[in-house]
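Below is one structure, written out as structure tokens; the observations come after it.
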Amino acid sequence: MFISKINTDSTVLIDEIERSLHPNMIKEILKFFSGEQKIDGQLIFSTHESLLLDLDIFRQDEIWFTEKNQAGATELYSLVEFSGLNRIASLQKAYRQGRFGAIPKINM
């Protein structure tokens, strides 16, 4: 599917890309899409895989988070909205610690 869409002016949407592919395979696909070669298509995906929070693959404006607000509606916000990113050694660790929000609220 990826190969057939690369040179077309189309968008591929994938929900939870990590469900069917190994994280290393996903990283290679994303590196290809994010590389310097000309690609007319676009890939938009959702994931819970924190290993994909990688600034070697993505620009800060390409990483977005979602979180439910008090009314239960989903809010979308970019990594760009956070200051001090240059002082964070690991985006993955910061994400898991909740520094970017987007952490489920579990009420038991």
Amide H neighbours of residue 99 under 5 Å, at least 5 residues apart or on other chains, H built in the peptide plane: list them. none
Check residue 12: other-chain or 5+ apart residues with amide H under 5 Å from its amide H, H built from backbone geometry? 42, 43, 44
With a sphere of radius 11 Å drawn around the Cβ of residue 44, what net charge do the other residues whose Cβ falls strictly inside it have (Lys, Arg +1; Asp, Glu -1)? -2
Taking a probe of 1.4 Å, how large is the accessible area per residue of segment 23-108, in Å²? 72
In whole percent, and with a 1.4 Å probe on the protein chains, what portion of the accessible area of the chain is carbon and sulfur? 50
FRET efficiency, residue 11 to residue 97 (Cβ-Cβ, R0 25 Å, nearest 0.05): 0.15
Can you compute the helix-only [θ] at 222 nm over the chain? Use -39500 (n - 2.57) per DSSP H run of at least 4 residues, normalise by all residues, nearest 500 deg cm²/dmol. -5500 deg cm²/dmol
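The values are calculated or read from the model by the stated rules, or taken from the named source; none is laboratory data. What you are looking at is a predicted structure, and each value in this text was computed from that prediction instead of being measured. Neighbour counts run over all protein chains shown; Cβ positions are idealised from the backbone, glycine included. To get the accessible areas, we keep the full protein, side chains included, count just its heavy atoms, and leave off ligands, DNA and RNA. Shrake-Rupley method; radii C 1.70, N 1.55, O 1.52, S 1.80 Å.
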